[in-house]
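The values are calculated or read from the model by the stated rules, or taken from the named source; none is laboratory data. These numbers were taken from a predicted model, which means no experiment stands behind them. Ideal geometry is used to build each Cβ from the backbone, glycine not excepted, and the neighbour counts take in all protein chains shown. Side chains are part of the model used for accessible areas, which takes the heavy atoms of the whole protein and leaves out ligands, DNA and RNA. Shrake-Rupley method; radii C 1.70, N 1.55, O 1.52, S 1.80 Å.
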Amino acid sequence: MSDMSASASLAMTHLVPLAKELDEDKVTPGVLGFIVFAVMALAVWGLMKSMNRHMGRVDFPEGESEPRDAGVSNGAEKRA
């Protein structure tokens, strides 16, 4: 029984650094993560540029508005 625990302990001491190395590789995004992020950034930039262009083309007719005095309403002007 003690022989089994000694071999398990020995295996664990050799596998812990290897497992630590594998865990660090799993959590880093790497080149693929950078490529995905760069593609998404380019897509957002393109969409914003397109939106700016489309919003610049929007033209709506503005009706002529009558200037109003701050304290006088339309009803009071008609009675006077």
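The packing ranking of peptides 45-52, 58-65, highest mean first, is 45-52, 58-65, where packing means the average number of other beta carbon atoms within 10 angstrom of each residue.
Heavy-atom accessible surface of Val27, to the nearest 10 Å², is about 120 Å², with a 1.4 Å probe and all protein chains retained. Between Val39 and Phe60, the FRET efficiency estimated from the beta carbon spacing at R0 = 30 angstrom works out to 0.25. In this simple spin-label model, placing a label point 7 Å from the Cα along the Cα-to-Cβ direction at both Leu47 and Ser9 gives a separation of 5.8 nm.
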